[in-house]
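For reference, the structure is listed below as structure tokens.
The values are calculated or read from the model by the stated rules, or taken from the named source; none is laboratory data. Quantities reported herein were computed from a predicted structural model and do not represent experimental measurements. As a convention, Cβ positions derive from the backbone with ideal geometry for all residues, glycine included, and neighbour counts pool all protein chains shown. Surface accessibility is based on the protein's heavy atoms, side chains included, excluding ligands, DNA and RNA. Shrake-Rupley method; radii C 1.70, N 1.55, O 1.52, S 1.80 Å.
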Amino acid sequence: MIFEFIGGLGIFLFGIKYMGDGLQKSAGDRLRDILDKFTTNPFMGVLAGIVVTILIQSSSGTTVLTVGLVNAGFMTLRQAIGVVMGANIGTTVTAFIIGIDVGAYALPMIALGSVLIFFFKSKKLTYFGQTVFGLGCLFFGLELMSSGMKPLRTLEAFHELTLSMSEIPLLGVVVGTVFTVIVQSSSATIGVLQGLFDEGAIVLTAALPVLFGDNIGTTITAVLAALGASVAAKRTAATHVIFNLIGTSIFLILLGPFTTLIEFFQQSLNLDPKMTIAFAHGTFNVTNTLIQLPFIGFLAFIVTKLIPGDDSAVEYKPKHLDPIFLQQSPSVALGQAKEESLRMGELALKGLEETSLYLNNNQQKHAELALQLESAINNLDRKITDYLVKISGSSLSESESRLHSAVVDNVRDIERIGDHFENIVELIDYKISNKVLITEQALEDLNDMFNLTLITVKQALNSFDNMDREEALEVIQKEEQIDQMERNYRKKHILRLNEGICTGSAGIVFVDIISNLERIGDHALNIAQEVIGKESN
């Protein structure tokens with residue numbers, strides 16, 4: 001019985017994961033776009049949460065994605081609360097799928113999915129095959145679990161437990177919560193509950209509190225995802241927990257009327273046991289969302305008080321690229337694009353500073369922030385480039401055309417600076433994980449080169465901001481110093497190697513870091529040369 005149950009559970013969990021992966025790959029980057037674009041107000045946030053959860057078949061997955069977007073500055077806390085509410089509704093779709101009794105077709109679905117995965121080269125068909133295969137595994141796993149659970153009806157201990165859960169609903173909530181925390185999937189625990197109710201091993205009054213507990217248990221994934229994340233991300237995860245705790249408290253108080261309502265649905269709609277649980281799950285989450293939706297501001301206030309602190313999330317979204325200027329005044333739009341490119345430059349400068357700190361203290365928080373900044377730079381690169389492409393369709397004067405060209409080039413250079421400090425972060429990761437020791441002299445050389453590179457990049461951005469020729473000329477001199485420094489430090493490194501002071505692996509890390517810093521200097525030079533080019537014209 002145990003082997004059949006845990007084997008069935010394993011296949012069920014694999015099915016949900018594989019089906020979600022297939023749907024996610026079909027949707028591609030659109031998932032993040034849905035959450036990013038369609039969360040303008042709480043109601044739209046709820047809809048976005050429902051759609052994305054249906055696509056990836058995991059409310060935990062949607063909430064983790066939301067935590068990541070809040071952490072990255074893509075989404076505010078109020079927007080995220082709406083998405084979390086929508087995710088809770090979206091996850092009920094799995095229960096309805098389970099409620100449609102197509103278990104007899106599980107093996108043919110697995111076979112069809114396999115054929116699509118292995119015998120077709122089209123990616124769309126492969127992803128569709130993954131979805132079908134996962135759905136087949138989901139039903140096959142359910143069949144095995146149901147078969148394994150049949151003997152539970154005759155077990156006296158289980159009968160006493162369900163009796164206790166009927167009399168003490170809080171016990172049912174605890175059972176549902178703990179089980180969901182263990183298997184990390186509310187869909188799986190709802191599936192088990194549907195199987196038990198279908199077999200007559202549990203009565204409705206005992207099943208409903210377990211269902212409420214399942215919704216609390218699923219919040220653990222978001223809590224784990226928020227550990228070590230920004231304050232806003234922690235608040236988002238806390239909202240998920242509070243939202244489900246409040247919902248469970250309300251429905252425990254109204255358990256009698258709620259049970260009567262579900263029994264009414266069961267009789268009037270002629271629902272089978274599995275679909276009855278699906279309706280209970282759907283009714284619970286939709287009603288809970290409708291009750292709490294008007295209080296999003298209050299929920300945000302509560303979690304802000306519970307988790308104090310300044311939110312230091314990196315802002316991914318552009319601040320200056322207003323589409324209205326594209327039509328009204330291309331000249332102003334060009335100025336806005338330049339401002340945004342300078343903000344992008346500030347992020348690159350901050351990323352370089354964080355990378356330098358990571359080199360010296362090995363604290364992971366600096367690496368994480370540097371990589372977040374690099375990701376924000378990549379996003380701004382795409383947004384500014386798209387904006388500049390739209391501006392290029394307008395009639396620009398000769399000087400505006402030159403500025404347009406300069407901003408395009410500078411955005412590319414700043415993006416490359418981000419790539420190089422990302423490379424350095426990866427080299428430091430390698431140094432830490434492989435316990436590579438860098439000598440004091442080598443570290444001192446790296447810090448000297450880091451400091452000069454930081455000053456050079458800062459000066460290059462200032463020169464472009466003010467179109468200052470004198471400052472641009474200083475950048476050219478400093479870039480020559482960086483080049484000279486790289487040559488000298490490379491020679492010193494070879495001497496250290498020959499003397500046996502430095503190891504080969506430490507040498508590789510050292511040489512690659514100074515090489516990346518030298519390339520950053522080259523990109524700072526490119527920015528300065530744009531300024532000199534503009535002045536000479």
Exercise for the section: Please specify each residue of the range 461-480 satisfying the condition of being of a type in the set (D, E, K, R) and part of a helix (DSSP H, G or I). Expected result: 465, 469, 470, 471, 474, 478, 479, 480
Handout entry: Hey, residue 514 open to solvent by 80 Å² or more (accessible area, probe 1.4 Å), at pLDDT 90 or above, under 25 Å from residue 358 (Cβ atoms) and not in a loop (DSSP other than H, G, I, E, B) or not
Key = no
Completion exercise
(1) in a helix (DSSP H, G or I); (2) farther than 30 Å from residue 370 by Cα all hold for residue 200 apart from (1)
Problem - Selection within the range 373-384 - surrounded by 24 or more Cβ atoms within 10 Å (Cβ to Cβ) and over 14 Å from residue 424 (Cβ atoms) - result: 376, 377, 380, 384
Fill in the blank from the handout: By residue number, the members of the range 245-256 that are open to solvent by less than 30 Å² (accessible area, probe 1.4 Å) and modelled with pLDDT under 90 are 255
Fill in the blank from the handout: Selection from the range 434-451 of residues closer than 11 Å to residue 485 by Cβ and surrounded by 17 or more Cβ atoms within 10 Å (Cβ to Cβ) yields 445, 446, 449, 450
Problem - One residue from 188, 226, 237 being under 24 Å from the mean Cα position of the chain (by Cα), touching a residue at least 60 places away in the same chain (Cβ under 8 Å) and closer than 24 Å to residue 294 by Cα - result: 237
Exercise for the section: Tell me, yes or no, whether the range 421-434 has at least one residue that is under 17 Å from residue 510 (Cβ atoms) and either in contact with a His (Cβ under 7 Å, 6 or more places away or on another chain) or not in a helix (DSSP H, G or I) (or both). Expected result: yes
Practice task
Could you check how many residues of the range 79-117 are modelled with pLDDT under 90, more than 30 Å from the chain's Cα centre (by Cα) and hydrophobic (A, V, I, L, M, F, W, C)?
Solution key: 6
Handout entry: Residues (more than 18 Å from residue 448 (Cβ to Cβ), without any contact (Cβ under 8 Å) to a residue 40 or more places away in the chain and β-branched (Val, Ile, Thr)) located in the range 495-514
Key = 508
Handout entry: Filter result for residue 261 (out of contact with any Gly (no Cβ under 9 Å at 6 or more places or on another chain), modelled with pLDDT under 90 and surrounded by fewer than 20 Cβ atoms within 10 Å (Cβ to Cβ))
Key = no
Problem - So residue 284, is it at pLDDT 85 or above, open to solvent by 10 Å² or more (accessible area, probe 1.4 Å) and either on the phi > 0 side of the Ramachandran plot or in a helix (DSSP H, G or I) (or both) - result: no
Practice task
Examine the range 424-434 for a residue that is of a type in the set (Asp, Glu), modelled with pLDDT under 90 and farther than 24 Å from residue 463 by Cβ, and state whether such a residue exists.
Solution key: no
Problem - Search result, residues across the range 343-364 that are on the phi < 0 side of the Ramachandran plot and open to solvent by 20 Å² or more (accessible area, probe 1.4 Å) - result: 343, 346, 347, 349, 350, 353, 357, 360, 361, 363, 364
Problem - Conditions (1) of a type in the set (A, V, I, L, M); (2) modelled with pLDDT under 75; (3) open to solvent by 30 Å² or more (accessible area, probe 1.4 Å); (4) under 20 Å from residue 297 (Cβ atoms); number of the one not met by residue 47 - result: (2)
Practice task
Tally the residues that are acidic (Asp, Glu) and either outside any helix (DSSP H, G or I) or surrounded by fewer than 16 Cβ atoms within 10 Å (Cβ to Cβ) (or both), restricting the search to the range 398-408.
Solution key: 1
Exercise for the section: Report, ordered by the first and then the second residue, all pairs with beta carbons closer than 8 Å, sequence separation of six or more or different chains, a first member in the range 252-267 that is more than 19 Å from residue 278 (Cβ to Cβ) and in contact (Cβ under 8 Å) with a residue 40 or more places away in the chain, and a second member that is surrounded by 14 or more Cβ atoms within 10 Å (Cβ to Cβ) and not polar (S, T, N, Q). Expected result: 252/169; 252/173; 252/209; 252/212
Practice task
Taking the options 485, 467, name whichever one is over 34 Å from the mean Cα position of the chain (by Cα), in contact (Cβ under 8 Å) with a residue 12 or more places away in the chain and buried (at least 17 other Cβ atoms within 10 Å of the Cβ).
Solution key: 485
Practice task
Might you let me know whether the range 308-331 holds any residue that is over 30 Å from residue 405 (Cα atoms), open to solvent by 60 Å² or more (accessible area, probe 1.4 Å) and part of a helix (DSSP H, G or I)?
Solution key: no
